[in-house]
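The values are calculated or read from the model by the stated rules, or taken from the named source; none is laboratory data. Note that the structure is predicted; figures quoted are calculated from it, not measured. In this analysis, Cβ positions are derived from the backbone assuming ideal geometry, glycine residues included, and neighbour counts consider all displayed protein chains.
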Amino acid sequence: MAAAAGVELRLLGEWLSPYCIRVKQALAVKGVAGYEYVEEDLEHKSELLLSSNPVHGKVPVLIHRGAPVCESLVIVQYVDEAWAGPAILPSDPYERSRARFWAAYIDDKFFPSWEPFFKSKTAEDRAETFKNAIPAVETLEKALTECSSSEGKPFFGGDSIGYVDVALGGYLAWIKAVDEVAGTSLFDEAKFPRLAAWAERFAAADAVRDASPAVEDIVVFYKKMQAAETGAEH
Amino acid sequence: MAGGDEMKLLGMWASPFVLRVKLALSFKGLSYEYVEEDIVRGKSELLLKSNPVHNKVPVLIHNGKPVCESLIILQYIDEAFAGTGPSLLPSDPYERAVARFWAAYIDDKMLAAWMQASRGKTEEDKAEGKKQWSVAVETLEGALRDCGKGKPFFGGDSVGYVDVVLGGLLGWVHANEEAFGIRSLDPQRTPLLVAWSERFGALETVEPLMPDVSRLVELGKMVLAREAAAAAGASN
C-alpha cells in the first residue's frame, strides 16, 4: 500500500460504522472529493490506524496531509472549518450551540436508548426495547420542529443538510435495516411525521446516497449477526 | 461587551461542569449573575424551563436564550464573545480539532472512570474504575508531553479550552483520595500534570473560583453514605 506521504486526504473507516458513515456524508455535503478511503478490518487493525489513533485505536480517522483527526463529530467540525463549501454548522453562535446540543443528544441519549432494541433477539425483548426507544424519538421529532421552524424546512440544518442531519444520518441505514428485520418503524409516519419525511428526504439526497451503505447489505449482515449469536448460546 | 448583554449562569457549587463555565467567563472577563440551584430540595422553574431535555446545570442564559452542556457553553462563549478577552480555542482548524479531541477524551473517558471509581455498584466495579482513571491520567500526561511541547498549558503559552475543561475537575481531583479512595495526582508518575495543576490552580483568575476541597470531601462522603444506606434498605 502506498505510504501516507503524498496522499492529500485519507479516511480510515469501516463500512458498517455509523460514525464513519456520518463522516463520509459530511465530506460529500462539503463537496470534498478525491480522498482515499481505506476499509479497515477491525479484527486486524492496520499499523496506520493504530499509529494515527493511538489513544482509541478506532475508526473513523481522517488523515489530512499526514495529520490525523479522530472522533467523528470532531472530524465533521474539522471538515467544516478546513474546507470552503456549503456550511455544515450555521454561522450564528446561538444556532451553533443548538446544533451541537442536538448532535450530543443523538450520541449520548438517542443511540444508547435504541441500542438495546438493535441487540434484541426475541419478540418479547423487541417489544420492550422498542417501547423504551420511543421517548428519545419523540424528543427528536420536537427537535426537528424547533430546528426547521414553522416554515417546515426539510432538514435539521434548515434548507440544506447540516451538522445534526449527519449526526443522525450516520445511524439511518441501520435504523431502517433493523426496522425491516424486526417488522417495526422507528420513525413512524403517523406518530413522527416530520422525522419520517426527514428520513426519506435525507436518504434521497445525492450527497447521502453515495456516502451511505445500502440498507439491504446491512440487513444481510444484521441477520447473520443475530443468527451467529443465537447459535453460540447453545 | 455590547451594552445590554444580560448573562445568567444557573449552577451548583460542587459541579465541575459549572466550574468550567465560571472559569471561561472569568478568563474572558465577562460579568454575569450567578444563581445557585438547590439540586436536592428542588430545581428552579427557570432551570426546568431552560433545560427541559436534561434538567441539569450548568445553563448559561444569554439575553434570555439558554445554552446547555458545559462543552457547548464554552464554545458558545468563545464564539459569541470572539472580540472580548482571549480566545479559548485556537484559530487553526487542526489545532481546534486536537483541542476538541482532548476535551471529548476528558468527558468520555476520564469522567466515566471517575464515576465508576467513586459510585460503582460493587468493589470490583470501583477497582476497575480506579484502574481506568489511572490510564486516563497517564494519557493526559502524554498529551501534555507530546502536544504541549514544554509549554505551560494545554493551550500553549496561555490557558485554552482543554485547560478550562480539565481545570473544572481540579477541586474533585484533590478531594478524590479522601472522599473515594481514588489516588490523587502523583508527581512521580505524572509530573507534568502535577505541575500544570499547581500552575493553573494558582492563577489569579482561577484561585478565587476553586471550591473548598474539604467541603467537596464532605459532600462526596455524604453521597456515598446515602447510597450505602439506600442499598442496605433495598436489600432488606
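The listed residues are A:L140, A:L144, A:L172, A:L168, and the only one of them that is crowded, with 21+ Cβ neighbours inside 10 Å and touching a residue at least 60 places away in the same chain (Cβ under 8 Å) turns out to be A:L168. Within the set B:I73, B:I77, the sole residue that is in contact with a strand residue (DSSP E or B) (Cβ under 7 Å, 6 or more places away or on another chain), surrounded by 20 or more Cβ atoms within 10 Å (Cβ to Cβ) and under 24 Å from A:A103 (Cα atoms) turns out to be B:I73. Scanning the range B:88-104 for residues that are in contact (Cβ under 8 Å) with a residue 24 or more places away in the chain and either over 10 Å from B:V162 (Cα atoms) or polar (S, T, N, Q) (or both) gives a single hit, B:P90.
Quick check: is even one residue across the range B:34-53 under 16 Å from B:D78 (Cα atoms), modelled with pLDDT of 95 or more and assigned to a helix (DSSP H, G or I)? There is no residue in the range B:34-53 that is under 16 Å from B:D78 (Cα atoms), modelled with pLDDT of 95 or more and assigned to a helix (DSSP H, G or I). Among the conditions (1) outside any helix (DSSP H, G or I); (2) in contact with a strand residue (DSSP E or B) (Cβ under 7 Å, 6 or more places away or on another chain), A:E151 misses just one, which is (2).
The set of residues in the range B:128-142 being closer than 17 Å to B:G160 by Cα and surrounded by fewer than 21 Cβ atoms within 10 Å (Cβ to Cβ) consists of B:E141 alone.
Of all residues in the range B:84-127, those being within 12 Å of chain A (Cβ to nearest Cβ), under 27 Å from B:N63 (Cα atoms) and surrounded by fewer than 18 Cβ atoms within 10 Å (Cβ to Cβ) number 2. Pairing residues of the range B:127-140 that are of a type outside the set (G, A, S) with residues that are not in a helix (DSSP H, G or I), at Cβ distances under 6 Å and at least 6 apart in sequence or on separate chains, gives B:K130/B:I182; B:W133/B:I182; B:V137/B:T190.
Just one of (1) assigned to a loop (DSSP other than H, G, I, E, B); (2) closer than 30 Å to A:Y78 by Cα fails for A:S185. It is (2).
The residue list A:T122, A:T145 contains one member that is modelled with pLDDT under 95, of a type in the set (V, I, T) and over 29 Å from A:K30 (Cα atoms), which is A:T122. Only one of these conditions is not met by B:V137: (1) away from chain A (no Cβ under 14 Å); (2) more than 30 Å from B:E6 (Cα to Cα). Which number is it? It is condition (1) that B:V137 fails. B:C68 meets all of the listed conditions (1) buried (at least 18 other Cβ atoms within 10 Å of the Cβ); (2) more than 13 Å from B:L10 (Cα to Cα); (3) facing another protein chain (nearest Cβ under 9 Å) but one, namely (2). Scanning the range B:57-67 for residues that are free of Cβ contacts under 8 Å to residues at least 24 places away in the same chain and either over 17 Å from B:V164 (Cβ atoms) or in a helix (DSSP H, G or I) (or both) gives B:K65, B:P66. Of the helices (runs of 4 or more DSSP H) lying entirely inside the range B:118-227, those containing at least 3 residues that are under 25 Å from B:F101 (Cα atoms) and of a type in the set (S, T, N, Q) are B:123-146. Checking the stated criteria, A:K131 turns out not to satisfy the condition of being charged (D, E, K, R), touching a residue at least 12 places away in the same chain (Cβ under 8 Å) and away from chain B (no Cβ under 14 Å). Residue check: is B:E79 touching a helix residue (DSSP H, G or I) at 6+ places or on another chain (Cβ under 7 Å), within 14 Å of chain A (Cβ to nearest Cβ) and at positive phi? For B:E79, the condition - touching a helix residue (DSSP H, G or I) at 6+ places or on another chain (Cβ under 7 Å), within 14 Å of chain A (Cβ to nearest Cβ) and at positive phi - is not met. Here B:V162 clears all of (1) in contact with a Phe, Trp or Tyr (Cβ under 7 Å, 6 or more places away or on another chain); (2) surrounded by fewer than 19 Cβ atoms within 10 Å (Cβ to Cβ) except the condition numbered (2).
Between B:G83, B:G142, B:G155, B:G181, the distinction of being farther than 30 Å from A:Q77 by Cα and of a type in the set (G, A, S) belongs to B:G181 only. With respect to the conditions (1) closer than 27 Å to B:V135 by Cα; (2) of a type in the set (S, T, Y); (3) buried (at least 22 other Cβ atoms within 10 Å of the Cβ), A:S97 lacks only one, and its number is (1).
For the range B:35-65, enumerate the residues that are within 12 Å of another protein chain (Cβ to nearest Cβ) and at positive phi. If the condition is that a residue be within 12 Å of another protein chain (Cβ to nearest Cβ) and at positive phi, then B:N63, B:G64 are the ones that fit.
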